[in-house]
Amino acid sequence: MGLALTLSLAACGGDETAASGSSTSSTTSSPSASSSPATTTSSAAAQGRTIRITITGKQVSPAPTTVDLAVGEKLTLVVTSDHADELHLHGFEIEDKLTAGAATTVTVTGKDPGVYEVETHEPPLRLLKIAVR
Amino acid sequence: MSPTVAGPLAVLPAHGVGSREDLPLPFHLLLVGAGLALVVSFVALGALWKQPRLHREDGRLLPIMVSLALDSAPVRAVFVALSLVITGWTLTALVAGADTANNPVPSVVYVWLWVGLAFSSMVFGGYWRLVNPVRWLRRGLLAAARIEEDFALAEYRLGYWPAAAGLLAFAWLELVAPDNADLLTLRVAVFGYLLVSLVLGLAFGPAYLRTGDPFAAWSSLYGTLSPLGRRADGRWVLRTPLHGPLMVDAQPGLLAVTSVMLGTTAYDGFSGETRWYSFVQSSSLPAAIWETAALVTFCLVVAGSLALAAVLSARLAGVSPRGVASAFAPSLVPIAAGYLIAHYWSLWVWEGTHGLAKMSDPLGTGANLLGTAGLNAPEALIAPGFVAAVQVVSIVTGHVLGVVLAHERAVTLFPRRAAVLGQLPLLALMVVYTVGGLTLLFSS
């Protein structure tokens, strides 16, 4: 199942435009609605570029990279893990629950220049780095 | 790193220091830095002095009143008292504080004690020997038991070896250990350190606390770069950053401790490489095993490469290789300092300031005892362009100082004819360290 998920997500590609991002988010947001906290940064409508990340055990797909983000630009992460976990965006001060199998959507806006890690806690995995320039 | 606070979702971010990292060094600055390092090295080889020129008696004497003040008991007592207050304050937060991201202890231990102590020692000299709380704890215990102050069970002969082991252990705790910002981990580490230091201090006497204590070695070796120091007769002088390292005695373990100083910082740069941590975190072995192995390997590679270069240099110069590696080990100190500044400058500004803000509320009660709660790091000091400049300048400066130190040692140790040839392996190694350091900043 993990493999199937990975394949289908790989087909979506890493980057999407704002328009296609918002259309796909409606299909992924429903399972995670119960766990989504009312933070201003999590929203149902994806904004900016969208990156989809799948976690299968200790494997992160696509492999971690550094993603550039301009100051003021938005970036949406759609993270799906095969196990319950916590998603933590360093520097953006965001912690969000991941429910097994359900996509969690988080949108951030580049503010202070620097490199910030996006990670999960159980097990500790680094998903990507966001380089705000 | 996961928070242990109760509740469905922690509002506070997880523990840990360093949530923000520097942007990669721009490539053109990598080229500029590497080019400068190469040019300086070869110019130095040909153009620098041919006779030993830096002496232990050099330096501009401080005004007598300043010297007297620096050596006076009341002034020293002020610094010791300040250190003991900070220690007590931190221990209170460690024992009775809340286990949340607002607890100041992780910032104090990982940022103030590690980076802050090194940076301040580079400016003011190695002051940890004076303010080390273990020294005064030991003295207090001995006084209470009416035992002489220089009491020791055995003569101290281990030199810098305990410091090398202790600094490696500290780096492991900071860079590898899981949950290293949790209060439980910190309690074990801090009280473990205090206990071990006290036992060793009681067993070996003040000599251990001067050389073997990890933070004393960390502070005094980086402190050799300070313009403020004591010349050979013990008088306070202002001098170049070259004079201090040349006065470091070649005690056992000197190569080990300088290698740990450089190797651990280099490992920290390397551990942020995407391909490395992708491999580590998805490996079937626990990540800590790979990370520990890499940390130790970095230190061994530094020690091994310097030893090899020193032996080659000795061969080319036609002298015995015995003790040559230790003689050149002090030239690693400015290089390690350059790495340290480049790597931790923004962490120091950012987390050091936040640490001061958190210290205002040691027990997590919302108090603002020091009035520093709202303190924010000055943006100008961590602006990306400024940080990149600090990185290149510190690495290249460290390299230049290292090269000149190695040159001075070479003309001291090697016969005059062979001194230039004998420096080649060491110079090549320093260029490798410097270009390697710049590459780590560029690619991670």
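Values in this text are rule-based calculations from the coordinates and carry no lab data. Computed from a predicted model, the values in this text were never measured in an experiment. Note that each Cβ is placed from the backbone with ideal geometry, even for glycine, and that neighbours are counted across all protein chains shown.
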Helix-only mean residue ellipticity at 222 nm for chain B, each DSSP H run of n ≥ 4 adding -39500 (n - 2.57), per residue, nearest 500: -20500 deg cm²/dmol
Residues B:S320, B:S67, B:S331 arranged by fewest to most Cβ contacts within 10 Å: B:S320, B:S67, B:S331
DSSP beta bridges in the protein assembly as shown [antiparallel fraction, %, rounded to 5]: 75
FRET efficiency, 1/(1 + (r/R0)^6) with R0 22 Å, evaluated for B:R322 and B:R416 via beta carbons: 0.60
For segment B:220-268 versus segment B:358-403, the gap between their alpha-carbon centres in whole angstrom: 23
Amide hydrogen neighbours beyond the local backbone of A:L69, cut-off 5 Å, H modeled: A:A131, A:V132, A:R133
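Pop out the Kirkwood hydrodynamic radius of segment B:163-299 from its pairwise C-alpha distances, inverse of mean 1/r, in Å to one decimal. Could you put the intermediate results ahead of the total?
Details: mean 1/r = 0.0588 Å⁻¹.
Radius from the Kirkwood sum: 17.0 Å.
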GNM top mover of B:F79, B:F279, B:F191 - chain B, alpha-carbon springs below 10 Å: B:F279
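Hey, any idea what the orientation-averaged projected area of the convex hull of segment B:27-443's Cα atoms comes to, in nm²? Could the numbers behind the result be given before it?
Values: hull surface 88.8 nm².
Convex hull of Cα atoms, orientation-averaged projection: 22.2 nm².
Cα-based Rg of the protein assembly as shown per 2.2 N^0.38 Å, rounded to two decimals?
Values: Rg = 25.9 Å, N = 577, 2.2 N^0.38 = 24.6 Å.
Working it through for the protein assembly as shown, the quotient is 1.05.
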Nearby aspartates and glutamates by direct alpha-carbon distance to A:K74 (threshold 17 angstrom, same-chain neighbours under 8 apart not counted): A:D15, A:E16, A:E93, A:D112, A:E117
Whole-angstrom gap from segment B:46-112 to segment B:142-219, using each part's C-alpha centre: 17
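Within 10 Å of each residue's Cβ, count the other Cβ atoms and sort B:T434, B:T372 from fewest upward.
Numbers: B:T434 27, B:T372 16.
So the residues, fewest neighbours to most, are B:T372, B:T434.
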Near-label residues of segment A:102-133 by backbone N, under 14 Å of a point 7 Å along Cα→Cβ of A:K58: A:122-126
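Where does each of B:H354, A:H121 land when they are ranked from fewest to most other beta-carbon atoms within 10 angstrom? Each step should come with its number before you reach the end.
Values: B:H354 21, A:H121 16.
Least to most surrounded, the residues fall as A:H121, B:H354.
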